[in-house]
Amino acid sequence: MALTGIQILKMLPKKNCGECGIPTCLAFAMKVAAGQTEIGECPYVSDEVKETIGEASAPPIRTIKLGAGEGAFTAGGETCLFRHEKRFENPTGIGVLVTTDMAAADVEGRINRFNTLCYERVGVMLKADLIAVKDTKGDEGAFTALVKKVLDGAAKASLVLISDKPELLAAGAKACGDRKPLLYGATAATAEAMAKLGKETGCAIGVKGANLDDCVAVSEQLVAAGLKDLVIDTGARTVKGAFEDNVVARRSAVRKKFKPLGFPTITFPCEITDDPLMEAMVASVLIAKYAGMVILSDLQGDTLFPLLLERLNIFTDPQRPMVVTEDIYPINGPNENSPVLITCNFSLTYFIVSGEIEGSKVPSWLLIKDTEGLSVLTAWAAGKFGADMIAQFMKKAEIEGKVKHRELIIPGYLASMKGELEEELPGWTITIGPREAGHLPSFLKEWKPAA
Ligand code: SF4
């Protein structure tokens with residue numbers, strides 16, 4: 001049963017020292033109770049208390065960590081069914097499959113695409129996370145050679161090792177060293193050996209159920225043997241079945257606190273269809289509905305990019321707007337004669353506006369005013385982008401020390417603010433910029449400081 005903030009507070013040392021990054025023990029306890037931070041962040045609690053609180057405040061879907069360093073990947077940690085109830089915690093891992101019976105060029109192509117298909121969007125780097133290495137021959141030498149090839153070729157990948165034979169998984173885990181892989185998949189027949197392997201290596205174990213009931217039975221067996229870090233596959237290999245099982249597993253864990261299904265799921269769109277477009281569709285359904293990991297047969301930009309964007313949207317915290325820091329941003333090496341523009345700190349606005357300015361190649365100063373993540377018009381309507389606030393910010397930012405002219409370009413949607421701003425900023429000329437960021441390059445190329 002989950003502990004309340006007050007129950008947690010009673011077990012804290014109450015030093016109010018702030019070393020956990022939160023000013024008071026009470027605020028820290030509330031955050032632990034809400035699953036927003038971990039009890040281990042307080043350096044003063046005993047191991048015993050850590051265990052008591054950690055278990056009681058653990059999320060219904062266990063947090064599983066794979067890999068290390070740049071390639072570290074976290075799955076699970078989820079606490080709700082719907083994003084608007086709170087937020088989704090750890091984005092679905094997107095992975096690509098390589099097998100021991102694949103031609104070397106096919107494996108290398110997949111590794112190469114894993115490394116190169118990266119996209120920057122609103123300041124976030126989007127890319128695949130996992131490479132699943134599958135044994136199809138029962139040949140230990142071929143399997144470990146493939147594992148090493150992936151380890152050497154993809155430094156930023158977390159690995160999923162797939163084999164029916166625990167001894168091959170043991171050899172693969174040994175080759176991985178600190179980059180702890182997921183070892184998949186334990187069945188009723190191999191559960192005992194896989195439990196032993198999990199304890200020896202410290203790696204998370206993947207449960208390979210024949211169906212949902214079988215998955216529960218194997219999961220219970222592994223938990224009874226002392227394993228904590230599991231990833232579950234219910235065995236469904238149709239989109240309907242995988243969708244239903246993911247929903248049942250999440251509901252059972254979150255609503256009923258049903259422990260055997262309280263783990264992230266691994267799903268295999270690559271085994272559901274041979275059609276690459278259908279595979280991407282299946283993956284998109286499973287990303288939207290609770291998959292901890294989706295394994296694809298290949299990575300291609302035209303299908304990977306939309307999946308990464310879908311994932312970004314679903315796993316963005318709806319209660320926290322994406323913002324950039326209030327500041328003066330120099331773009332294209334501006335000087336004292338360069339134009340000065342202002343906009344809000346909603347990150348999408350910032351990246352679109354700064355991208356257009358950058359593309360124009362016109363050296364410019366971009367002022368970003370803190371509007372609490374609201375877009376231009378919404379911020380203005382909410383009283384967070386008024387003339388007095390802009391004037392105050394410009395003084396604080398000391399833009400007057402950076403340019404000789406006194407001309408400020410405001411977003412076209414704020415044209416009605418011109419007069420008010422001129423009153424607030426005596427000596428400054430207010431120029432109304434374009435309404436759409438896409439028109440900024442031609443606007444800036446023609447811009448000259450007002451005489
Ligand atoms: S580090 Fe521990 S003692 Fe200090 S404020 Fe945080 S919870 Fe309280």
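Quick grid of which residues meet (1) out of contact with any Cys (no Cβ under 6 Å at 6 or more places or on another chain); (2) part of a loop (DSSP other than H, G, I, E, B); (3) among the charged types (D, E, K, R):
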residue: LEU377; (1), (2), (3): yes, no, no
residue: HIS405; (1), (2), (3): yes, yes, no
residue: LEU408; (1), (2), (3): yes, no, no
residue: GLY419; (1), (2), (3): yes, no, no
residue: GLU423; (1), (2), (3): yes, no, yes
residue: GLY438; (1), (2), (3): yes, no, no
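Yes or no, residue by residue, for (1) surrounded by 14 or more Cβ atoms within 10 Å (Cβ to Cβ); (2) among the aliphatic types (A, V, I, L, M):
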{"residue": "PHE114", "(1), (2)": "yes, no"}
{"residue": "LEU117", "(1), (2)": "yes, yes"}
{"residue": "GLY123", "(1), (2)": "no, no"}
{"residue": "ASP129", "(1), (2)": "yes, no"}
{"residue": "ASP139", "(1), (2)": "yes, no"}
{"residue": "ALA142", "(1), (2)": "yes, yes"}
{"residue": "VAL150", "(1), (2)": "yes, yes"}
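In this structure, is GLU372 over 18 Å from VAL323 (Cα atoms) and either in contact with a strand residue (DSSP E or B) (Cβ under 7 Å, 6 or more places away or on another chain) or not in a helix (DSSP H, G or I) (or both)? In short, no. Could you check how many residues of the range 393-411 are in contact (Cβ under 8 Å) with a residue 60 or more places away in the chain and within 19 Å of ILE432 (Cα to Cα)? Number satisfying all stated conditions: 9. Taken together, THR273, THR234, THR238 contain a single residue that is closer than 24 Å to MET194 by Cβ and of a type in the set (Ser, Thr, Tyr), which is THR234. Listed by first and then second residue, the pairs with beta-carbon distance under 9 Å, at least 6 apart or on different chains, first residue in the range 18-35 and of a type in the set (Asp, Glu), second assigned to a loop (DSSP other than H, G, I, E, B) and within 7 Å of the ligand (Cβ to nearest atom), are GLU19/CYS42; GLU19/PRO43; GLU19/TYR44.
In this structure, is ALA56 of a type outside the set (Ser, Thr, Tyr), modelled with pLDDT of 90 or more and either surrounded by fewer than 20 Cβ atoms within 10 Å (Cβ to Cβ) or assigned by TED's automatic domain parsing to the domain that holds ALA253 (or both)?
Against the criterion (of a type outside the set (Ser, Thr, Tyr), modelled with pLDDT of 90 or more and either surrounded by fewer than 20 Cβ atoms within 10 Å (Cβ to Cβ) or assigned by TED's automatic domain parsing to the domain that holds ALA253 (or both)), ALA56 does not qualify.
Rundown of residues vs (1) surrounded by fewer than 15 Cβ atoms within 10 Å (Cβ to Cβ); (2) in contact (Cβ under 8 Å) with a residue 60 or more places away in the chain, yes/no style:
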| residue | (1), (2) |
| --- | --- |
| LEU312 | no, yes |
| THR325 | yes, no |
| PRO330 | yes, no |
| VAL340 | no, yes |
| SER347 | no, yes |
| PHE351 | no, yes |
| SER360 | no, yes |
| LEU366 | no, no |
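Every condition in (1) out of contact with any Pro (no Cβ under 6 Å at 6 or more places or on another chain); (2) modelled with pLDDT under 95 is met by TRP447 except one, and the failing one is (1).
Table: residues versus (1) outside the structural domain of ALA157 (by TED's automatic domain parsing); (2) within 21 Å of PHE88 (Cα to Cα); (3) in contact with a Leu (Cβ under 9 Å, 6 or more places away or on another chain).
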| site | (1), (2), (3) |
| --- | --- |
| ASN16 | yes, no, yes |
| GLU19 | yes, no, no |
| LEU26 | yes, no, yes |
| THR37 | yes, yes, no |
| GLY40 | yes, no, no |
| LYS50 | yes, no, no |
| ALA72 | no, yes, yes |
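The values are calculated or read from the model by the stated rules, or taken from the named source; none is laboratory data. Everything numeric in this text was worked out from a predicted model, so none of it was measured. Glycine also receives a Cβ, built like all others from the backbone with ideal geometry; neighbour counts cover every protein chain displayed.
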